[in-house]
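Asker: Dropping a structure here in structure tokens format, bear with me for questions.
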There are 2 protein chains.
Amino acid sequence: MDTTRILLDHGAGGRASHNLVNDLFLKHFAPDGGQGIEDCAVLDLGPGRIAFSTDTFVVTPIFFPGGDIGDLAVNGTVNDLAMRGARPRFLSVGFILEEGLPLEDLERVVVSMARAARNAGVRIAAGDTKVVPHGAADRLFINTAGIGSIPDGLDISATKARPGDQVLISGTMADHGLAVLCQREGLTLSNAILSDTAPLGGLVQTMIEAGGPAIHVLRDPTRGGVGTSLNEIALASGVGVVLDETRLPVDESVQGACDLLGLEPLYVANEGKLLAFVAPDAAQDVLRAMHGHPLGRRADFIGRVEASRPGQVWMETAVGGARIVDMLTGEQLPRIC
Amino acid sequence: MDTTRILLDHGAGGRASHNLVNDLFLKHFAPDGGQGIEDCAVLDLGPGRIAFSTDTFVVTPIFFPGGDIGDLAVNGTVNDLAMRGARPRFLSVGFILEEGLPLEDLERVVVSMARAARNAGVRIAAGDTKVVPHGAADRLFINTAGIGSIPDGLDISATKARPGDQVLISGTMADHGLAVLCQREGLTLSNAILSDTAPLGGLVQTMIEAGGPAIHVLRDPTRGGVGTSLNEIALASGVGVVLDETRLPVDESVQGACDLLGLEPLYVANEGKLLAFVAPDAAQDVLRAMHGHPLGRRADFIGRVEASRPGQVWMETAVGGARIVDMLTGEQLPRIC
């Protein structure tokens, strides 16, 4: 029996499953004992509204410059919670493992998840593992679901954009998508491109302290990129969004790789950036607060909200023209997250 | 372009993803509009403790007698919540779809999930969909995570079994595992075996009304079956469990199929049954209450808790002997849930 790889037995719910949970998952996710990772956790969140979100991760390769499927899975759900103004608190983790996966790879992912959870200030409170026969899945898929606490008085939602709002972005576009793609395709660039995977809860708290209810919308532009996220917000709020092409931040090496590959950074996934729609009075204060946070140093205004052309996103181009920015159509990059 | 099947495009986060969410998921999961299914839902649960759980479903085939992967995924997480005494309230759903999956099959599963959620009294509040290329997954995997509200004064946990407790089971063993296996292997039996997939929240409420804090442990014996679940409880509570072989309920057709296939019903998965450990004074009242509920008609005592031999499960056999009942070792039935 090969003791260095995942066997079907690890997913059968018997002795081997029990040992995998105790020797690998609990060791890293609940090192202090705690409640352990039960079928079902009991939590006390205190009064108030909660945020609840889920995301599944199927990225390939599972290890890439700047991150791996593990920290991506933690940060992805943490960020979904933060985009409602919530303080991320608890995560669940569901693994689908392919028979034959090296245990070493699984442990590396689990260690990465435990570290990401500590960084984000969340506790992994519940888990589940399934094993499928070789060929029925590609190595390792991870689902995370999360719960956060929403402070009183906040109502941040994709439906709350209002004419006059300033549109901000917290940093450069397209880093994550390009990092994964370059790794997958074996592209070697002079400057390695790193995934931007990061937990945005701290940046959001900083922004809320500066702007409070003036922050109308937050969104992390993952799959589909900034272009698709802005379209969804324009539709959900019934407003028009006008972008200034000259202000869209893209790293030089990322832009170079995009040109090489024929990709449009506006539609490439980010995993540690956010878009914010902020009432004009508070926008400068929020931007200043973002600049003071490590994940917001390159934050900038990129556009504004108008009442005209509801549901549409327009780009004012560098040469003085204007064009419609549609949602992503067609598959640009499969299995990017 | 084949419009009858899932394309990579449906998972890209752009226009096709947006349409799939609106035209399929929201249509069935949020027919009245409501909050829709957002990246992240905002919920108000009121004060008190919550239960939080996750489970992933990789069963094959995805349709089987008595159920499908959809109602299984809803009931599975609902039941994990109910086993802590919680009232199940909200679910998240994460799909992994294989490129080429017929949309008709996906819709059938989604309709089944929506119906199961209504039956269980839960709302599907958040969702996510990923598509992987043909061959990178087997058709369709589903993760559900769930949140429930725990009434004050209850502390039901696998650690709470006490010497003297009576052990009850709510009905027959091994139906789900055998139903899936017979379908998968194309076995035709004179009496079709149906999966027992069902939401146990209502039965648990009935039991709590009758027994309150006298109910120490609840557990749905899924993967690994009754034998493994009892071992986990014995270990977690540091007690011994003694079973009476003559009282273990198995349907005649299920027992016949198990004999044919060389399976031990004690280790085969159930998806609509529960084990309960109840203080002796209240055990008869709880059993009577179970008999009055449609999912507890065949409930019975099957054993008792002793202080001796902590961490072990013993069986008193029909012929007057006794043997150790271990956890399941080895893979009995892969991809059963």
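Asker: Cα to Cα, under 26 Å, and not fewer than 8 places away if on the same chain: which lysines meet these conditions relative to residue A:160?
Answerer: Result set, ordered by chain and number: A:273, B:27.
Asker: Hey, got the average number of other protein chain Cβ atoms within 10 angstrom for residues in A:17-30? Write out the running numbers ahead of the final one.
Answerer: Details: counts 6, 7, 1, 0, 0, 0, 0, 0, 0, 0, 0, 0, 0, 0.
Mean partner-chain Cβ count within 10 Å for A:17-30: 1.
Asker: Given H placed on each backbone N at 1.01 Å, which residues far from residue B:127 in sequence or on other chains put an amide H within less than 5 Å of it?
Answerer: Under 5 Å from the amide H of residue B:127 lie the amide H atoms of A:54, B:38, B:93, each far enough along the sequence or on another chain.
Asker: Next question. Determine the share of the stretch A:8-150's accessible area contributed by carbon and sulfur atoms, expressed in whole percent, with a 1.4 angstrom probe.
Answerer: Values: 1980 of 4120 Å².
In the stretch A:8-150, the share of accessible area belonging to carbon and sulfur is 48 percent.
Asker: Taking 35 Å as R0, compute the FRET efficiency from the Cβ-Cβ separation of residue A:309 and residue A:281 and round it to 0.05. Please list the in-between numbers first.
Answerer: Working: r = 24 Å, r/R0 = 0.69.
The formula returns an efficiency of 0.90 here.
Asker: A further question follows. How well do other chains shield peptide B:122-135, expressed as the mean number of their Cβ atoms within 10 Å of each residue Cβ? Don't jump to the answer; show the numbers that get you there.
Answerer: On the way: counts 0, 0, 0, 3, 8, 4, 12, 1, 11, 4, 7, 6, 0, 3.
Averaged over the peptide's residues, the number is 4.
Asker: Using the C-alpha atoms of the stretch A:166-324, what convex hull volume per residue, in cubic angstrom, is computed? Don't skip to the answer; put the middle values down first.
Answerer: Numbers: hull volume 17.5 nm³, N = 159.
It comes to 110 Å³ per residue, whole-number rounded.
Asker: So, one more: Label-to-label distances across copies for residue A:190, with labels 7 Å out along Cα→Cβ, in nm, shortest first?
Answerer: Spacings between copies for this position, smallest first, are 8.1 nm.
Asker: Please compute, for peptide A:142-154, the average count of beta-carbon atoms on other protein chains lying within 10 Å of each residue's beta-carbon.
Answerer: Details: counts 3, 15, 6, 15, 5, 5, 2, 0, 3, 0, 0, 0, 1.
Mean partner shielding for this stretch: 4.
Asker: Take the Cβ-Cβ distance between residue A:63 and residue B:259 as r, set R0 to 35 Å, and report the resulting FRET efficiency rounded to the nearest 0.05.
Answerer: Working: r = 48 Å, r/R0 = 1.36.
Step by step, r from the Cβ atoms, then E = 0.15.
Asker: Also: Scan around residue A:165 for amide H atoms under 5 Å from its own, H built in the peptide plane at 1.01 Å from N, and keep only partners 5 or more places away or cross-chain.
Answerer: For residue A:165, whose amide H was placed from the backbone, the distant partners under 5 Å are A:305.
Asker: What's the buried accessible area, both sides, between B and A using a 1.4 Å probe, rounded to 100 Å²? Kindly include the intermediate steps, with their values, before the conclusion.
Answerer: Numbers: alone 14740 and 14730 Å², together 23820 Å².
Using a 1.4 Å probe, the pair buries roughly 5700 Å².
Asker: Could you provide, to the nearest whole Å², the per residue accessible area of the stretch A:136-295 with probe 1.4 Å? Provide the component values of the computation, followed by the final result.
Answerer: On the way: 5350 Å² over 160 residues.
Dividing the accessible area of the stretch A:136-295 by its residue count gives 33 Å².
Asker: For chain A, what does -39500 (n - 2.57) per DSSP helix run (n ≥ 4), summed and divided by total residues, give at 222 nm, in deg cm²/dmol to the nearest 500?
Answerer: Working: 9 runs with 99 residues, N = 337.
Helices in chain A give a 222 nm mean residue ellipticity of -9000 deg cm²/dmol.
Asker: Compute the angle between helix B:69-82 and the longest alpha-carbon principal axis of chain B, please, reported from 0 to 90 degrees and rounded to the nearest 10.
Answerer: That helix lies at roughly 50 degrees to the long axis.
Asker: Still on this structure, I have one more. What spacing in nm lies between the two simple spin-label points modelled at residue B:205 and residue A:184, each 7 Å away from Cα in the Cβ direction?
Answerer: Label-label distance for residue B:205 and residue A:184, simple model: 4.6 nm.
Asker: From the P(r) of the stretch A:8-150, could you give the percentage of C-alpha pairs in the tail past 26 Å? Present the calculation step by step, with values, prior to reporting the outcome.
Answerer: Numbers: 2109 of 10153 pairs.
Summing the P(r) tail past 26 Å for the stretch A:8-150 gives 21 percent.
Asker: Another question about this same structure. I need the fraction of alpha carbon pairs in the protein assembly as shown separated by more than 36 Å, rounded to a whole percent. Don't jump to the answer; show the numbers that get you there.
Answerer: On the way: 87857 of 226801 pairs.
Counting every Cα pair in the protein assembly as shown, those more than 36 Å apart make up 39 percent.
Asker: Packing-wise, with mean Cβ within 10 Å as the measure, how do B:104-116, A:84-96 rank, highest first?
Answerer: Details: B:104-116: 18.9, A:84-96: 25.9.
For the peptides B:104-116, A:84-96, the packing ranking is A:84-96, B:104-116.
Asker: Calculate one ³J(HN,Hα) per residue across the stretch A:123-130 by plugging θ = phi - 60° into the Karplus curve 6.51 cos²θ - 1.76 cosθ + 1.60, and present them in order as whole Hz with x for glycine and proline.
Answerer: 10, 7, 10, 8, x, 7, 10, 10
Asker: Moving on. Out of the DSSP beta bridges found with both residues in the stretch B:68-215, what percent are antiparallel (nearest 5)?
Answerer: On the way: 10 of 19 bridges.
Here the antiparallel bridges make up roughly 55 percent for the stretch B:68-215.
Asker: Taking a point 7 Å out from Cα toward Cβ as the label site, list the nm distances between residue B:329 and the same residue in every other copy, smallest first.
Answerer: 6.1
Asker: Give me the base-10 log of I(q)/I(0) for the stretch B:68-208 at each q in 0.11 Å⁻¹, Debye formula, one uniform scatterer per Cα, rounded to two decimals.
Answerer: Debye output, listed in q order: -0.52.
Asker: Show me A:195-204, B:299-308, B:18-27 ranked by packing, highest mean number of other Cβ atoms within 10 Å first.
Answerer: Details: A:195-204: 25.5, B:299-308: 18.7, B:18-27: 16.5.
The peptides rank, most packed first, as A:195-204, B:299-308, B:18-27.
Asker: For chain A, take the longest principal axis of its alpha carbons; what is the angle in degrees between that and the long axis of helix A:201-211, to the nearest 10 within 0 to 90?
Answerer: 30 degrees
Asker: When the accessible area of the stretch A:224-327 is split by element with a 1.4 Å probe, what percent falls to carbon and sulfur?
Answerer: On the way: 2110 of 4260 Å².
Its accessible area is 49 percent carbon and sulfur atoms.
Asker: Still on this structure, please answer the following. Quick check: pseudo-label points 7 Å beyond the Cα along Cα→Cβ at residue A:329 and residue B:326, how many nm apart are they?
Answerer: 6.2 nm
Asker: Let me ask you something else. Please report, in debye to the nearest 20, how large the charge dipole of the protein assembly as shown is about its Cα centre when each Lys and Arg carries +1 at its beta carbon and each Asp and Glu carries -1 there.
Answerer: Rounded to the nearest 20 debye, it is 1040 debye.
Asker: Rounded to the nearest 10 Å², what accessible area does residue A:17 have for a 1.4 Å probe in the complete protein model?
Answerer: Residue A:17 has an accessible surface of roughly 20 Å² with all protein chains in place.
Asker: Give, as a single signed number, the net charge of other residues whose beta carbon lies under 9 Å from the beta carbon of residue B:242, with Lys and Arg counted +1 and Asp and Glu -1. Don't jump to the answer; show the numbers that get you there.
Answerer: Details: positive: B:304, B:309; negative: B:244, B:306, B:316.
Computed value for this residue: -1.
Asker: Can I ask one more? With a ≥ b ≥ c the root eigenvalues of the C-alpha gyration tensor of the stretch B:16-86, is it rounded (a/c under 1.5), prolate (a/b larger than b/c) or oblate? Don't skip to the answer; put the middle values down first.
Answerer: On the way: a/c = 2.32, a/b = 1.04, b/c = 2.23.
Because a/c hits 1.5 or more and a/b fails to exceed b/c, the stretch B:16-86 counts as oblate.
Asker: Given 20 Å bins starting at zero, what is the percent of C-alpha pairs of chain B in each, up to the one with the largest pair distance?
Answerer: Histogram of Cα-Cα distances, whole percents per bin: 31, 55, 14, 0.
Asker: In debye to the nearest 20, how big a dipole does the stretch B:176-291 give about its Cα centre with +1 on each Lys and Arg Cβ and -1 on each Asp and Glu Cβ? Mind dumping the intermediate values first?
Answerer: Numbers: 6 positive and 14 negative charges, 41 e Å.
In debye, rounded to 20, the stretch B:176-291 gives about 200.
Asker: Rounded to the nearest 10 Å², what accessible area does residue A:185 have for a 1.4 Å probe in the complete protein model?
Answerer: Looks like 110 Å² after rounding.
Asker: Among A:268, A:254, A:42, which one moves the most in a GNM of chain A with springs linking Cα atoms closer than 10 Å?
Answerer: A:42
Asker: Charges only on Cβ, +1 for Lys and Arg, -1 for Asp and Glu: so what's the dipole of chain B about the Cα centre, in debye to the nearest 20? Kindly include the intermediate steps, with their values, before the conclusion.
Answerer: Details: 27 positive and 41 negative charges, 109 e Å.
Using only the charged Cβ atoms, the result is roughly 520 debye.
Asker: Around residue A:325, under 13 Å between beta carbons, what's the net of Lys plus Arg minus Asp minus Glu among the other residues?
Answerer: Numbers: positive: A:309, A:323, B:15; negative: A:232, A:244, A:245, A:264, A:316, A:326.
Around residue A:325, the surrounding residues sum to -3.
The values are calculated or read from the model by the stated rules, or taken from the named source; none is laboratory data. Predicted, not measured: the structure shown is a model, and the values here were computed from it. Ideal geometry is used to build each Cβ from the backbone, glycine not excepted, and the neighbour counts take in all protein chains shown. The protein model used for the area step is the full one, side chains on, heavy atoms only, and it has no ligands, DNA or RNA in it. Shrake-Rupley method; radii C 1.70, N 1.55, O 1.52, S 1.80 Å.
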